[in-house]
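Notes follow the structure.
Laboratory data are not the source of any read-out in this text; all were calculated from the coordinates shown. What you see is a predicted model, and the numbers here were worked out from it, not measured in a lab. Virtual Cβ from ideal backbone geometry, glycine too; neighbours counted across all protein chains shown.
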Amino acid sequence: MFAAAAVVVLFCGAWTTFYVQQCTLRSRAESLLAGLQRVEVGASSSADAQSVVASWYQWGAVETVCSASGCSSVIRLKHTLPGPLTGYGDPGANNLLARTTDHLGLRSVSVSAGLTYKNGVVTGKAFSVEVMLPSRDWFTSGVFTPDLVVLSNETAAFTQDELEHVIPTHPYRVVRRIKDLSGLSIDFMPKEPADQKQRYMDFHLSCFTRFSPCRRESDILPAASELVNEVF
């Protein structure tokens, strides 16, 4: 009896610890997103970008690289559950603990924000969310896909690869599936209408803490509900 009670206490303590960590990450991620949204591609200065980056050195992994083509800064925030709680990517694995975790609001999550700048002006900004799917969804597509990823990237100019995926009806945005993952990538230029640009960066981060897991791109980025139909 005592042993059973001790196990319950330990489990509750572990759950509380992990859930508080997820709530903390969500709060920080929302703050990071808000800072990124205030930066305007083609209008904000490199000093504005550096100000956003500087405030995150104490909380996450920050990397800045500069070259002749300009500077690029990436901020990463992550919360990772221990292996037994996340489960194993083998169809025959006993993931009972992971399935239990799915119903308790615990999951591994991460976000990243990126800024590029050149000649004193911001030339791009990006935000991405990666959240663990419930283990029952890992093989829905026929291959192992444990995470749901949504990436939104505003850029002053498309790459050659992006240009090849532009459709005539929407010349300033490109929507693609993320290779080997469950998710969506949105690339768009400042020429897109202001209200659309705002929607493309309107991430909802409740996936980090809610008990029912996010299972579709639109759960993270509502605009994805219409954009996903453009992906072939």
A chain fully extended from S212 to T17 at 0.36 nm per residue, minus the present Cα-Cα distance, gains in nm 68.3 nm
Relative contact order in percent for the chain (Cα pairs under 8 Å, 6+ apart) equals 18 percent
Structure-derived Rg and Dmax of the Cα atoms in Å - corresponding label in [x] 19.5, 69; [y] 19.5, 63; [z] 18.3, 63:
[x]
Give the distance, in whole Å, between the Cα centre of the range 148-219 and the Cα centre of the range 8-76.
19 Å
Place +1 on the Cβ of every Lys and Arg and -1 on the Cβ of every Asp and Glu in the range 120-232, take the dipole about the Cα centre, and give the residue among P213, Q196, N153 whose Cα lies farthest towards its positive end.
P213
Mean separation of Cα pairs under 8 Å and 6+ residues apart, divided by the residue count of the range 146-213: what relative contact order is that in percent?
34 percent
Most to least packed among 15-23, 109-117 [average Cβ atoms within 10 Å]:
109-117, 15-23
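Run the count for the range 2-230, please: Lys pairs, Cα-Cα under 25 angstrom, 8 or more apart or on different chains. If you can, show how the numbers build up before the last one.
Details: K78/K125; K78/K179; K118/K191; K118/K197; K125/K179; K125/K191; K125/K197; K179/K197.
The result is 8.
Return the calculated 222 nm mean residue ellipticity for the chain, to the nearest 500 deg cm²/dmol, obtained by summing -39500 (n - 2.57) across DSSP H runs with n ≥ 4 and dividing by the residue count.
Numbers: 8 runs with 75 residues, N = 232.
The helix-only estimate for the chain comes to -9500 deg cm²/dmol at 222 nm.
Using unit Cβ charges (K, R positive; D, E negative) and no other charged atoms, how large, in debye to the nearest 20, is the dipole of the chain about its Cα centre?
On the way: 20 positive and 22 negative charges, 98 e Å.
Charge dipole of the chain: 480 debye, to the nearest 20.
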Under the rule of at least 5 residues apart or a separate chain, name every residue whose amide H is placed under 5 Å from the amide H of S182.
D147, V149
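Among E40, E130, rank each residue by its count of other Cβ atoms within 10 Å, from fewest to most, as a rough exposure measure. Provide the component values of the computation, followed by the final result.
Numbers: E40 15, E130 20.
Going from sparsest to densest Cβ surroundings: E40, E130.
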When a/c reaches 1.5 or more, the comparison of a/b and b/c decides; with that in mind, is the range 114-189 rounded, prolate or oblate per its Cα gyration tensor?
oblate
